[in-house]
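The structure under discussion appears below in the form of structure tokens.
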Amino acid sequence: MKFKGFLFILSFLRVEGIALFPFIFIKRESPGPFLINHERIHIRQQLEMGIIIFYIWYLVEYFIRLVQHRNHYLAYLHISFEREAYQNQFNLDYLQNRSFWAFWRYLKG
């Protein structure tokens, strides 16, 4: 899978990868195509919403989920952006067929 963008390896990361438009930071030298696809989904989300609005929405939704679930990891997993990325990270063609603002259908829950 080709990746068009800026990919950096940061071994000190506490997570496997993070997308901060236009960059993807990963923890390991060989992340595999599914992690890269997951992060590319986040890059698309950031582009669609606008970068600042995406980060504000992400944080607000995280805190709402934290109140709902009273657990950091569960709150993170239930953020609509993460739900979309996790459910589609194994479909390497997902971004080619993804509809605009597809994360919207993952808001519930």
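Bear in mind these aren't lab numbers, they're just calculated from the coordinates by the rules spelled out. The shown structure was predicted, so the numbers you read here are calculated from the model rather than taken from an experiment. All Cβ positions, even for glycine, are placed from backbone atoms using ideal geometry, and neighbour counts span all protein chains on display.
Looking only at residues in the range 63-88 that are assigned to a helix (DSSP H, G or I) and of a type in the set (S, T, N, Q), which one is farthest from the chain's Cα centre (by Cα)? Filtering first and then ranking leaves Q68. Just checking, how many residues over the range 14-33 are in contact with a Pro (Cβ under 8 Å, 6 or more places away or on another chain) and in a strand (DSSP E or B)? Selection size over the range 14-33: 1.
The set of residues in the range 40-68 being among the polar types (S, T, N, Q) and buried (at least 18 other Cβ atoms within 10 Å of the Cβ) consists of Q45, Q46. Here E16 fulfils each of the conditions (1) free of Cβ contacts under 8 Å to residues at least 12 places away in the same chain; (2) touching a Lys or Arg at 6+ places or on another chain (Cβ under 6 Å) apart from (1).
Just to check your reading of the model, which residue among N97, N71, N37, N91 is surrounded by fewer than 16 Cβ atoms within 10 Å (Cβ to Cβ), in contact (Cβ under 8 Å) with a residue 24 or more places away in the chain and not hydroxyl-bearing (S, T, Y)? Steps first, please.
Details: N97 fails: in contact (Cβ under 8 Å) with a residue 24 or more places away in the chain; N71 fails: in contact (Cβ under 8 Å) with a residue 24 or more places away in the chain; N37 fails: surrounded by fewer than 16 Cβ atoms within 10 Å (Cβ to Cβ).
Answer to the check: N91.
The numbered conditions (1) within 12 Å of F103 (Cα to Cα); (2) outside any helix (DSSP H, G or I) are all true for R44 except (2).
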